[in-house]
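Working notes for the structure below.
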Amino acid sequence: MKGRRPFRVGLTGGIGSGKSRVADILAAQGAAVIDTDAIAHALTAPGGAAIGPLRAAFGNAMITADGALDRARMRQLVFTDPKAKTQLETLLHPMIGQSVELEAGRAGGAYQVFVVPLLVESGRWRDRVDRICVVDCDEATQIARVQQRSGLDVGLIRRIIAAQATREARLAAADDVILNDGGTTPEALAERTLRLHAEWLDRRDAG
């Protein structure tokens with residue numbers, strides 16, 4: 001079995017869809033979860049590898065007093081300035097990609113789950129994973145969840161949603177879908193997730 005690539009799932013969904021909750025359920029079942037958002041947070045935390053380049057590119061105003069990226073200020077900038085968005089992505093994405101590969105290379109687990117919010121938008125993941133799984137919900141539920149979680153302005157949440165792939169585009173790219181709409185209970189979400197977990201184990205063993 002040496003040299004065989006682990007079975008890989010790309011997990012995605014719009015903001016507020018519940019990707020992290022699904023990833024937690026899968027991790028509890030023994031999957032190795034590699035979260036690109038968590039990697040990005042580590043890179044932009046105080047002392048993170050991206051802080052120096054970010055300071056050089058965007059100035060001290062984008063760095064908080066404790067030495068982290070000012071995520072709220074940066075979010076406002078990139079949603080009003082396309083050039084800044086491109087500059088940020090050009091800086092961060094290669095660093096995130098390198099960290100993802102390092103984590104994947106040392107991860108064990110029943111299989112690997114890559115949590116990638118912009119998986120569909122990037123266009124780079126189809127050949128890197130065996131299955132693409134979309135956590136799906138309607139826009140009204142997304143807005144309500146993000147407001148409750150982060151307190152962001154509704155207008156900003158709508159701009160974030162508009163900047164992501166459409167619900168239809170994500171569903172078109174999906175091999176598997178986990179519905180997590182406003183009517184989904186935690187128990188139902190767990191049941192739907194565990195059903196797919198069992199299917200992926202079968203596919204892994206058959207592959």
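The values are calculated or read from the model by the stated rules, or taken from the named source; none is laboratory data. Here the structure is a predicted model, which means the values were calculated and not measured. Areas reflect the complete protein model, heavy atoms only, side chains present, ligands, DNA and RNA absent. Shrake-Rupley method; radii C 1.70, N 1.55, O 1.52, S 1.80 Å.
Just to be sure I understand: with springs between alpha-carbon atoms less than 10 Å apart, which residue in Gly13, Gly59, Gly109 has the highest mean-square fluctuation in the Gaussian network model of the chain?
Fluctuation is largest for Gly59.
What Kirkwood radius, in Å to one decimal, follows from the Cα pairs of region 127-207?
Evaluated over region 127-207, this radius sits at 14.4 Å.
Express the carbon and sulfur contribution to the solvent-accessible surface of region 70-207 as a percent, rounded to the nearest whole number, probe 1.4 angstrom.
That fraction is 51 percent.
Please check: in the Gaussian network model of the chain (C-alpha springs, under 10 Å), which one of Leu194, Leu77, Leu11 has the largest mean-square fluctuation.
Comparing Leu194, Leu77, Leu11 in a Gaussian network model of the chain, the most mobile one is Leu77.
Top mean-square fluctuation among Gly123, Gly97, Gly16, Gaussian network model of the chain, C-alpha springs under 10 Å?
Maximum among the listed residues: Gly123.
Suppose we keep just the DSSP beta bridges with both residues in region 5-128; what percent of those would be antiparallel, to 5?
Antiparallel bridges make up about 10 percent of those DSSP assigns within region 5-128.
Compute the orientation-averaged projected area for region 1-108 from the convex hull of its Cα atoms and round it to one decimal in nm².
Its Cα hull, projected and averaged over all orientations, spans 8.4 nm².
Please calculate how many Å² of accessible area the chain carries per residue, with a 1.4 Å probe and no DNA, RNA or ligand atoms counted.
52
Can you say what percent of the DSSP beta bridges in the chain, counting only those with both residues inside, are antiparallel? Round to 5.
Taking every DSSP beta bridge with both residues in the chain, the antiparallel ones total about 5 percent.
First check a/c for region 38-156, with a ≥ b ≥ c the square roots of the eigenvalues of its C-alpha gyration tensor; if it is under 1.5, answer rounded, and if not, answer prolate when a/b is larger than b/c or oblate otherwise.
Oblate.
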